[in-house]
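Everything on this sheet refers to the single structure shown next.
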């Protein structure tokens, strides 16, 4: 294996049609020719070796032209593959960036839908507004921020796969545990909402990438 223009090349090609052309060489001459070929291929400067034997020199001359041609084709192919990989990576990053922006927006607009049944609507309709306000204020004051351990344990116990505990904690620590314009009431419900929305986003992204691949292959 040797380096060629930043690419590691593991070998070179000896074509079968050489056999007839080299059939008149003795075993010693054939061995010297093979050694010369290896020396040339392993030389990073690709300088033509000094060959005193005219027969070996003639044989090496036509093999060298094929070696140079194959090396050039290999370099071009490597560069093309590298450029295609960069292009594909850039396109996928663009798709992922759109999804991240959408995910952040969803987080800002997140609502504790799972806690609807826990709101003061369960209280008797006969209670007046003052009592409701007192209960809401009490509930707000009773909210206890979860620790990273609490969040991690809940995610594990609930088989939630689309929420990162540290990301969730950092996000709501940074915004004062606000969900939209209201204070969070149920962090477990919010985690479940994140999980659903992130799963939906991942499904959309997979479909987008699949459609993109099919369109490149001419299947659409």
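What is the gain in length, in nm to one decimal, between residue 17 and residue 75 on full extension, counting 0.36 nm per residue of separation less the C-alpha to C-alpha distance?
Net length gain for the segment: 18.5 nm.
Compare the peptides 178-191, 23-36 by average per-residue count of other Cβ atoms within 10 angstrom and give them in order, highest first.
Values: 178-191: 16.9, 23-36: 13.4.
Listed from highest to lowest mean packing, they are 178-191, 23-36.
Read-outs: derived from the displayed coordinates by stated rules, not from any lab. The structure presented is a predicted model; accordingly, all values stated were derived computationally and were not measured. Neighbour counts run over all protein chains shown; Cβ positions are idealised from the backbone, glycine included.
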